[in-house]
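Working notes for the structure below.
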Amino acid sequence: MAGNSQEYISHHLTNLTYGKLPAGYVRHHTDEQGHTHAEELSEATWTMAHSGEEAAAMGFSAVHVDSLGWSIGLGGLIMLLFWRMAKKASSGVPTGMLNFVEMIVEFIDNTVKESFHGRSALVAPLALTIFTWVFMMNFMDLIPVDVLPTLFGALGVHYMKVVPSTDVNVTLGMALFVFALMIFYSIKIKGITGFVAELTLHPFHAKNPLVQAIFVPVNFFLEIVALIAKPISLGLRLFGNMYAGEMIFILIALMFSAGIALGLMAGVLQWAWAVFHILVITLQAFIFMMLTIVYLSMAHEDH
Amino acid sequence: MNINMTLIGQIITFGVFVWFCMKFVWPHLLSAMQEREKKIADGLDAANRAERDLELAKQEAGDKLREAKEKAAEIIEQANKRANQIVDEAKENARAEGQRLVAAAQAEVEQEANRAKEALRKQVSELAVAGAAKILGKSVDASAHSELLDKLAEEL
């Protein structure tokens, strides 16, 4: 049972990976009779990973097909919905879905107006994209953990992680994009000298140039840590929350196979955790959006 | 927790979605919403204005009505006054006419009386002449004594 559980969990946490196996890597195949064959690759090969070890061996030249696929699919879905509604929108009476979409847009617009004090055509649409997209990605967490992997397993796809925001690549990717925007706007608004000055002249400041010269590296170290910490914490916060949530769902799902009493309890727990998670996924999407707005607002502020 | 090219893929995807949202979604939705907001505000404004106009019109109608009533009252009063005046005039005329008639009648009566006196006087003088002629035994030439007779008649 313990081995099975471990297998079950790690299977759920392995991405469907496509990448390049290096030359000389030994692949292990298991055929129908349960025999294991070893095959040494004569040259670097682009292929689907058949196990977590293979995926790890691929290193950086690999793509999580499931994370990226779901992420693009969900983002595309929400963008398509908003695009259709944007085409439908007029100054007349809004109906049905358009009402809902406008409610979200108004909510985002108000939030941006409250927190972002510069003028930018980018921040509000950026916030809308983040909020809706991250929400959609998080929402996949509410689908019972075995449904989609089983479905894809029946189609011959052996690994399927359906919640893109439990993939650190996805969350860090978004955070790094935000980070790039922060740097871009900092330099655009304050100039390269202003940006450097912001990094080196705070928090310690002295009138004496000699003392100031000593402070510069100290300031730079402190500020650069603070700067780098922003995207890291932004990406890891979302990842950590969603990963932990997913983990709990997997652990609860394990209980279903442990007798009627535990199974019933698991049902109750699953329901309770899912209800709680409705709050978590919305909150995390909102936090990601809010922090992005705040960071960009700071980048726009000239001291 | 493998960091790999998924990261790059996600960054590119993110960029594309943000660009798409910025280009095709946000401006359309927001402008439509702002336009509608303006339309509604205008509508409410117009309703307010109409209400104010109605209020003004009502007030004006009330003023006009009161004015008309006042004028009507004035006209009626004038008419009454005129009627009284006419009645007074008529009374005055009637009285004057009466007096005139009375005066005329009196004058006629006086004239009649004078005429009667004259006739009487003439007869008396004739009688006196006849009496004198009888007394004197001869006729008195009326023409010769007419001066005398006339004086007599006047004295009577």
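Since every read-out is calculated from the coordinates, none of them should be taken as a lab result. Bear in mind the structure is a predicted one, so any value in this text is a computation, not a measurement. Because the Cβ atoms are built from the backbone with ideal geometry, glycine has one as well, and the counts that use them run over all protein chains shown.
Worth a mention:
- Within 10 Å of the Cβ of each residue in B:32-38, the mean number of Cβ atoms contributed by other protein chains is 5.
- With 26 Å as the limit, the listed pairs A:Lys20/A:Lys230; A:Lys113/B:Lys39; A:Lys207/A:Lys230; A:Lys87/B:Lys39; A:Lys188/B:Lys39; A:Lys88/A:Lys161 have A:Lys20/A:Lys230; A:Lys207/A:Lys230; A:Lys188/B:Lys39; A:Lys88/A:Lys161 beyond it between alpha carbons.
- Among B:Glu67, B:Glu37, B:Glu97, residue whose mean-square fluctuation peaks in a GNM of chain B (springs only between Cα atoms under 10 Å): B:Glu37
- Relative packing of peptides A:187-200, A:273-286 - highest average C-beta neighbours within 10 Å first: A:273-286, A:187-200
- Among A:Leu234, A:Leu210, A:Leu68: highest mean-square fluctuation, GNM of chain A, C-alpha pairs under 10 Å: A:Leu210
- Under the shape rule built on the C-alpha gyration tensor, where the axes satisfy a ≥ b ≥ c, region A:65-300 is oblate, since a/c reaches at least 1.5 while a/b does not exceed b/c.
- Extension gain for the segment B:Ala68 to B:Ala128, taken as residue separation times 0.36 nm less the Cα-Cα distance, is 12.8 nm to one decimal.
- Anchor B:Lys23: aspartates and glutamates whose Cα lies under 20 Å away (excluding residues fewer than 8 positions away in-chain): A:Glu102, A:Glu106, A:Asp109, B:Glu35
- Taken as Cα centroids, region A:17-31 and region A:127-185 sit 26 Å apart, rounded to the nearest whole angstrom.
- Mean ellipticity per residue at 222 nm, deg cm²/dmol - from DSSP H runs of n ≥ 4 across the protein assembly as shown, formula -39500 (n - 2.57): -27000 deg cm²/dmol
- Shape category assigned to region A:82-203 from the gyration tensor of Cα positions, a/c cut at 1.5: oblate
- Peptide A:82-95 shows a mean partner chain C-beta count of 5 within 10 Å per residue C-beta.
- Pairwise alpha-carbon distances in the protein assembly as shown exceed 45 Å for 49% of all pairs.
- Per residue of peptide A:118-125, the mean number of Cβ atoms on other chains within 10 Å of the residue Cβ is 3.
- Its Cα gyration tensor gives chain B an equivalent ellipsoid, and the semi-axes of that ellipsoid, as √(5λ) in whole Å with the largest first, are 135, 13, 6.
- Span-like helix ranges in chain A, DSSP H, alpha carbon extent 24 angstrom or more, Kyte mean at least 0.5: A:65-88, A:168-200, A:209-255, A:259-300
- Label-zone membership for region A:228-265, site A:Leu13, 7 angstrom Cα→C-beta point, backbone N under 19 Å: A:236-256
- Within a Gaussian network of chain B (alpha carbon springs, distance under 10 Å), most fluctuating of B:Leu30, B:Leu44, B:Leu101: B:Leu30
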